[in-house]
Amino acid sequence: MSGHVAEQTQKRARVSMPAAAVITVTARTTTALSPDGEIKSYPHDQARMIFHKRPVIVCHAPYTRHRLGTDDLIAYDVLELFAFVHPAKFCVPTPFGIATALGIHVGDNSEDAPLALHESVRVLLSDLRACESDQEIRANLLGIADAMGAQGKGWVWTPYIFSALNAEYDPERQILTRTALNIWKNLPEWSEGAPPPPAGHDSVSGEEARERLRSMLTQGRSAEPRPQQMDYTGQIASIFAPAQNADQPHVLLAEAGTGVGKTLGYLAPSSVWAEKNGGPVWVSTYTRNLQRQIGQELERLYPDPMVRDRAVAIRKGRENYLCLLNYEDLANAAALARHATQIIAAGLMARWISATKDGDLSGGDFPGWLPALLGYGGTTSLADKRGECIHSACDHYHRCFVERSIRKARHADIVVANHALVMINTALAGTATPDDQPHRYVFDEGHHLFDAADGAFSGNLSARETADLRRWIFGQEGGKRSRARGLKRRMEDLIAGDGAAEEDLEKIIQAAHSLPGPGWSKRFKDNAAFGATEQFLALVYQQVYARADGRDGPYSLECTTLPLIDGLGDAARLLKSRLNDLRTPMMVLAGRLRRRLGEQSATLDTDTRRRLESVAASLQRRGEVTIGAWIAMLDTLESGNADDQFVDWMEIERIEGQAIDVGLYRHWVDPMIPFAAAMKTQAHGIAITSATLRDGTGDEEEDWRVAIERTGALSLTPSPHRFAVSSPYNYADQTRVYIITDVRKDDLDQVAGAYQALFEAAGGGGLGLFTAIQRLRAVRDRIAPKLEDNGIALYAQHVDEMDTGTLVDIFRADTHACLLGTDAVRDGVDVPGDSLRMLVYDRVPWTRPTILHKARREAFGKRRYDELLTRLKLRQAFGRLVRRADDRGVFVMLDSMLPTRLHGAFPEGVTIERVGLADAVKGIKEFWSTDSVG
C-alpha cells in the first residue's frame, strides 16, 4: 500500500459515523448491515417492526419508505449527504450508483448494497477533510451545516459534518440563518457588453462542411468518417446559402437513420457559418438526452474549455432556471419553518447554487432526484414559473443565471435551445420578443415539431390558466406567505409620478377581480362559484359532465362546445366583457411604456430601459396573445360560427378520476401554419432533421408527403429540399421482432405473466411500454417480487418515488434491471449497450380518440393519419434498441392485432415473427445465446 493510500485509509477510518444500521430494500426483502458488521435479510413486515422509529442509514428515504410501507423511519439519507459534499456531481441514486460516483468498488448483489452504502458514508465524510486547509470554504460548509441543524432538531448529518471538519458542534448555538445561507454573495456578476453586429451572408460549401467534420472526428473519442455522415453534412450546408427572397428561407428536410452521426453532421457546417459570418446558429432539441449529447459532441468542436465557454450557450425558458430572489425568500423563511425539510432544502440548494455551472433546474448539473427527497417547494419551484421576475429591481439581477445565459447567447456561435423556447419566441415574433431573433436554425428531433407547435399556439381558457393570470397580477392573496410578487410591486417604481400610467395599473387590478381567486376549486365543489370567470367555468363543467362518456373512468372528460346548455351563453358574454375590461388597460399601459422608451431614450439607464421593455412585452403578450385568444374563443361561442382552422372543445381534466381543471380549449387543426407564418419572417435557413421524419408505408412519395405535412415545410417555402440517408447498422442481424399471438391483452394476469417470462428470457435489460398507467401498475405489482427473486430489479414510472429521468439513469446503470413506463419514457430514454436489449409493448399504441384527434384525422387522411401516428411511435420505440454498432435488441408486441400495414415501422430486412409466447421466449434465448449479455 502506498503512503498516500495508507494516509487516506487512516483518515477514513477516523471519520465519526452514525451508530445506526444500514438498510437497503428490494420488492420483497430488507437487507440490513448492523453497526457490528452483521448482514441479515428480513421480510418487509418484520423489518418494519425491527426498525420502527429507529435511526437507519438509507439511500433515497422516500423510495425506501414506500417499499417498506412505513413513514416512521428516522432516516440518515446518504443522497442528502452526497448532495452536500458533491453538490453538482452526477450520481445514480442507488447504493451502487453512489459508490461508483465515489470510486468505490464492491460487489453487485443485494447483500453488497448495505456495504456499498456504509463505505460511501465514510468516503463522503472523509472527502470533507480536503476542505480543512481552505478556511473560507470550511467556514461556509460549517455555516450551512449549522443552519441546517436548526438547533439540534433539523438535519441529522450536521454533527457528523462538524466532526469531519474537526469542529465542535453546539446544538444550542443561536445562528442567523439568512447570513449562513446567503450564498449569492459569492456568485460572479455578469457584465453588459455592446450588442453584436449583424451577421454576414457568406455561404458554406459542402467541402468546407466536410473538412470541418473530418477535423472534429480527430478530437476526443476516436471515430472513423462514415460516407453517410459526409453526405449528410454536405447537404446540411445548403441551408447556409444567402437568402434569395424575403419570407422564403432555405428549408431542408433531412432524415438520418440511427448511427449516421447527425449531431456532428450539422454542427460542422453550423460552426463554419458562425465563424465566417459572426452570427449564431440555433440548434433546437426536444429531449434533455439530446441536449446532453450535443454538449458532449461540442467538446470535439471546441476542445479548449475556455473557447467552448465563449462559443457555446445553452438557452432555455426562464422557468427552467433558479431565481435567486426566490431562493433568498426560501432562506429567510427557513429559520421559522415548522418542518425541518424546509431548512434542509435551503441548505442543500445553497450548496448546489455555489457549485452549479448555469443554474439550470431542468437538467445540466442539478440532481434530478433531489425534488423527490426535499419536495417541489424547496427545489424546482424556485424557478420563475409564472413570469414574476422584477428584473433590474432585483438585488441579484447582475448575478442572475437567466440574464447571464441570455447575454451569453447573444455572442455565441452555437446556441443549444429547446423546441419550447423557440416556439415561444416564434409565437411572440408578431408582438415583442425578449431576444434578437436568429436567422439560422437546425431543428433536431424534428418529428416532435408538430407537437411543440401545437402547445405553443393553443389557447386554454381554463380555471388554472385564469387563476395564474390573477396571481401574476395580484401576487399571493389570502394572507399566506409566498414568493409571488404582484404586478403593482413589480412596476410601481417604474411609473411613480405618472398619473395616467398609475390609473391604467389600477384599472388592471380592479378588472382582475373577475378572475378565479384562492379557493376556486373548493367553491366549484360546493357549487359556490364567485365572479364572471368562475361562473362561466362552473357551467362548462356542468355541460361536460352532462354529455361526456366515461364519467366513472379515470380519464379526462370532454364534449363539443355547441349547443350550449341554458345560461352558458349569457355567462360567456359577461366573461367576454370582463376580459375586455382587463385587456384594454393592459394594452394601453404597454403602449405608454413603449412610448416612454422612445421619448426618454437619452436619459434612461440601461437597467431601467430593460425593465420597461420587459414589463411592456409581458403586458402586451398577456393582453394580445393570452386574453385576446380567450376573447376570440368566447366570440365563437356567442356567434356559433366556428373557424374550420381551429378545434374548440370543453374539457374536465382529470388525473386518476380526480378533476384538477376545467376549461374551454382551442387548438389549430394544423399548428404548423402559425409556426411557419412566424418563422419565415425571420429565418434565412432551416434544417429539420430526425431519424424518423418520414412515414413507413413503403411508398416513397407518400412517406415524404407526411414529413412535409408535419413540419410545415410547404408553408415555409414552395420548394423545400429533402434528403435521406439510411442507418449503417445491420438491423436484420442485430434485431428481432416478435408479435405474440396467444396472450389476451385484456387479461392482466396473462399480460403480467408474459412480461415476466420475456424479461427473464433476456436476463433483464427490458423496457416495458404501456398505453395506460393503470395497466402498468397492475403488471408491476404482479411481477416485481418474482423478478427480483431471480436477480432482476424492476422499476416503474408512476409507482416509484422518483422522476422519469432518474429512473432512466438507474435503468441505464444496471444491466440486470427492467423498467416500466409510458410514452414519456419512450421519448426520453437513450440507453446504448446491454442495459436496454428488449422492448415490450403491452398493446398497439393507437392514439386515444379525442375531439382534437377526430378533427385532425378528418383533415389529414382519416385512417392514414391514425396509422402514421402509430407507426411513428413504433419507429421511435424500436429505435431505442440499437444506439451503437455493437448493440443488439428484441422488440416484442403483446397485441396480436398489430396489422401488417404497421410493419413499415421496422427497418427493411428485420425478421418479424408472429408466434406464441413460449416460442418467442425460446427464440429470444437462442438469439441471446449467440451474444454475451451482462
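Here are the numbers for this structure:
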{"item": "Residue within the stretch 812-822 that is surrounded by fewer than 16 Cβ atoms within 10 Å (Cβ to Cβ), touching a Phe, Trp or Tyr at 6+ places or on another chain (Cβ under 8 Å) and either without any contact (Cβ under 8 Å) to a residue 40 or more places away in the chain or in a loop (DSSP other than H, G, I, E, B) (or both) present", "result": "no"}
{"item": "Any hit, the stretch 36-57, residues being more than 19 Å from L794 (Cα to Cα) and under 32 Å from the mean Cα position of the chain (by Cα)", "result": "yes"}
{"item": "Hits in the stretch 231-248 - residues which are surrounded by fewer than 21 Cβ atoms within 10 Å (Cβ to Cβ) and either free of Cβ contacts under 8 Å to residues at least 40 places away in the same chain or of a type in the set (D, E, K, R) (or both)", "result": "D231, Q244, N245, A246, D247"}
{"item": "Qualifying residue in the stretch 644-655 (condition: assigned by TED's automatic domain parsing to the domain that holds E558, part of a loop (DSSP other than H, G, I, E, B) and modelled with pLDDT of 90 or more)", "result": "yes"}
{"item": "Unique match (being assigned by TED's automatic domain parsing to the domain that holds L664, of a type outside the set (G, A, S) and touching a Phe, Trp or Tyr at 6+ places or on another chain (Cβ under 7 Å)) among T561, T608", "result": "T561"}
{"item": "Boolean, L373 is outside any strand (DSSP E or B), among the hydrophobic types (A, V, I, L, M, F, W, C), closer than 25 Å to L428 by Cβ and touching a strand residue (DSSP E or B) at 6+ places or on another chain (Cβ under 9 Å)", "result": "no"}
{"item": "The listed residue being closer than 24 Å to F759 by Cα and assigned to a strand (DSSP E or B), out of V892, V844, V831", "result": "V892"}
{"item": "Residues that are in contact with a strand residue (DSSP E or B) (Cβ under 6 Å, 6 or more places away or on another chain) and within 16 Å of P367 (Cα to Cα), drawn from the stretch 51-76", "result": "A61"}
{"item": "Checklist (1) assigned to a loop (DSSP other than H, G, I, E, B); (2) closer than 30 Å to R351 by Cα; (3) free of Cβ contacts under 8 Å to residues at least 12 places away in the same chain applied to I137, failing item", "result": "(1)"}
{"item": "Unmet criterion (only one of (1) over 14 Å from A20 (Cβ atoms); (2) in contact (Cβ under 8 Å) with a residue 60 or more places away in the chain; (3) not acidic (D, E)) for P43", "result": "(2)"}
{"item": "Residue in the stretch 71-83 that is under 12 Å from T31 (Cβ atoms), outside any loop (DSSP other than H, G, I, E, B) and either of a type outside the set (A, V, I, L, M, F, W, C) or touching an Asp or Glu at 6+ places or on another chain (Cβ under 6 Å) (or both) present", "result": "no"}
{"item": "Whichever residue in the stretch 291-316 is within 15 Å of the chain's Cα centre (by Cα) and crowded, with 19+ Cβ neighbours inside 10 Å and, among such residues, is farthest from G193 (Cα to Cα)", "result": "Q291"}
{"item": "Criterion (loosely packed, with under 14 Cβ neighbours inside 10 Å, free of Cβ contacts under 8 Å to residues at least 60 places away in the same chain and part of a helix (DSSP H, G or I)) met by exactly one of A116, A130, A99", "result": "A130"}
{"item": "Of residues in the stretch 183-234 being assigned to a loop (DSSP other than H, G, I, E, B) and hydrophobic (A, V, I, L, M, F, W, C), the one modelled with the highest pLDDT", "result": "V204"}
{"item": "T70 among the hydroxyl-bearing types (S, T, Y) and surrounded by 18 or more Cβ atoms within 10 Å (Cβ to Cβ)", "result": "no"}
{"item": "Qualifying position, being in a loop (DSSP other than H, G, I, E, B), surrounded by 22 or more Cβ atoms within 10 Å (Cβ to Cβ), of a type in the set (A, V, I, L, M) and touching a residue at least 12 places away in the same chain (Cβ under 8 Å), among V283, V260, V251", "result": "V260"}
{"item": "Yes/no for V915 being surrounded by 17 or more Cβ atoms within 10 Å (Cβ to Cβ) and assigned by TED's automatic domain parsing to the domain that holds Y755", "result": "no"}
{"item": "In the stretch 523-550, residue surrounded by the fewest Cβ atoms within 10 Å (Cβ to Cβ) [restricted to those that are free of Cβ contacts under 8 Å to residues at least 12 places away in the same chain and assigned to a helix (DSSP H, G or I)]", "result": "K525"}
{"item": "Exclusive hit being farther than 17 Å from G805 by Cβ and either touching a residue at least 60 places away in the same chain (Cβ under 8 Å) or aromatic (F, W, Y) (or both), set D395, D309", "result": "D395"}
{"item": "Sole residue being in contact with a His (Cβ under 6 Å, 6 or more places away or on another chain) and among the acidic types (D, E), chosen from E801, E788", "result": "E801"}
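Quick grid of which residues meet (1) closer than 30 Å to L604 by Cβ; (2) of a type in the set (K, R); (3) at pLDDT below 90:
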{"residue": "G459", "(1), (2), (3)": "no, no, no"}
{"residue": "A501", "(1), (2), (3)": "yes, no, no"}
{"residue": "L505", "(1), (2), (3)": "yes, no, no"}
{"residue": "S514", "(1), (2), (3)": "no, no, no"}
{"residue": "L537", "(1), (2), (3)": "no, no, no"}
{"residue": "Y555", "(1), (2), (3)": "no, no, yes"}
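The values are calculated or read from the model by the stated rules, or taken from the named source; none is laboratory data. In this text, all values refer to a predicted model and were calculated from it rather than measured experimentally. In this analysis, Cβ positions are derived from the backbone assuming ideal geometry, glycine residues included, and neighbour counts consider all displayed protein chains.
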